[in-house]
Amino acid sequence: MPTLVEIVPYDPEWPLHFLEAEADLRGRLGPAVLAVEHVGSTSVPGLPAKPVIDMDVTLTGLSAIAGAGACLVDAGYEPRGNRYDDDVWAFLLKRSAPDLRVSLCAPRNRTHRHRLLFRDYLRCNEDAAGAYARLKEQLAKRFPFDGDRYTSEKSAFIQEMVSRARAQFR
């Protein structure tokens, strides 16, 4: 059954939800964790977003993903697979908002690097963050029950911001 693409105003509690989830993940996954990063729209102060805390967990290597994934499943996360064939494995924990989406990856993963560049660019470029907010709201209205289309329609904008970030953060 399709779910509604819901964009809500920024919630100043989102960073706290991230910190709680980060502590839980580090406790569950132990020494395999190199870093836990808050990514996605909830990581950008002031940006409207779907009420989902997106987190990238960098592990010691690809070989650690299977064990970490099993740990997440045991904790109630739904496996969402490796949708883009990029060695990033997603898991979703549905709860009374916000949900948690955890992506497991190895060091130097390209998708993870792009997410960080995009996040950091939006954090320091108010105009870009505003344009992204408007785009998200327009797409949520156009594709209210098509999350895949909503996501794919943002791709060109995201790629442009990643390119700008590369140039800015050199």
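Identify the residue in the stretch 143-159 that is loosely packed, with under 12 Cβ neighbours inside 10 Å and more than 15 Å from the chain's Cα centre (by Cα) and, among all such residues, is farthest from Pro2 (Cα to Cα).
Step one: filter the stretch 143-159 for residues loosely packed, with under 12 Cβ neighbours inside 10 Å, giving 145, 148, 155-156.
Next cut, more than 15 Å from the chain's Cα centre (by Cα) only: 145, 156.
Details: Phe145: 6, Ala156: 24 Å.
Looking at residues that are loosely packed, with under 12 Cβ neighbours inside 10 Å and more than 15 Å from the chain's Cα centre (by Cα), I get Ala156.
Can you pull out the residues in the stretch 42-70 that are under 14 Å from Leu100 (Cβ atoms) and hydrophobic (A, V, I, L, M, F, W, C)? Walk me through how you get there before you give the answer.
Applying the first criterion (under 14 Å from Leu100 (Cβ atoms)) to the stretch 42-70 yields 42-43, 49-57.
Passing the criteria: Ala49, Val52, Ile53, Met55, Val57.
Can you pull out every residue in the stretch 131-170 that is over 16 Å from Lys50 (Cα atoms), in contact with a helix residue (DSSP H, G or I) (Cβ under 7 Å, 6 or more places away or on another chain) and free of Cβ contacts under 8 Å to residues at least 40 places away in the same chain?
Phe157
Does the stretch 99-107 include one or more residues that are surrounded by fewer than 16 Cβ atoms within 10 Å (Cβ to Cβ), part of a loop (DSSP other than H, G, I, E, B), at pLDDT 95 or above and not acidic (Asp, Glu)?
Yes: the stretch 99-107 contains one or more residues that are surrounded by fewer than 16 Cβ atoms within 10 Å (Cβ to Cβ), part of a loop (DSSP other than H, G, I, E, B), at pLDDT 95 or above and not acidic (Asp, Glu).
Residue check: is Thr3 in a loop (DSSP other than H, G, I, E, B) and polar (S, T, N, Q)?
Values: in a loop (DSSP other than H, G, I, E, B): yes; polar (S, T, N, Q): yes.
Against the criterion (in a loop (DSSP other than H, G, I, E, B) and polar (S, T, N, Q)), Thr3 qualifies.
Among the residues of the stretch 99-120, are any under 20 Å from Ala68 (Cβ atoms) and among the β-branched types (Val, Ile, Thr)? Explain how you work it out, then say what you get.
Going residue by residue through the stretch 99-120, those that are under 20 Å from Ala68 (Cβ atoms) are 99-113, 115-116.
Within this subset, residues satisfying the condition of being among the β-branched types (Val, Ile, Thr) are 102, 111.
The answer is yes; a qualifying residue exists.
The values are calculated or read from the model by the stated rules, or taken from the named source; none is laboratory data. The structure presented is a predicted model; accordingly, all values stated were derived computationally and were not measured. Using ideal geometry, Cβ is built from the backbone for each residue, glycine included, and neighbour counts are taken over all protein chains shown.
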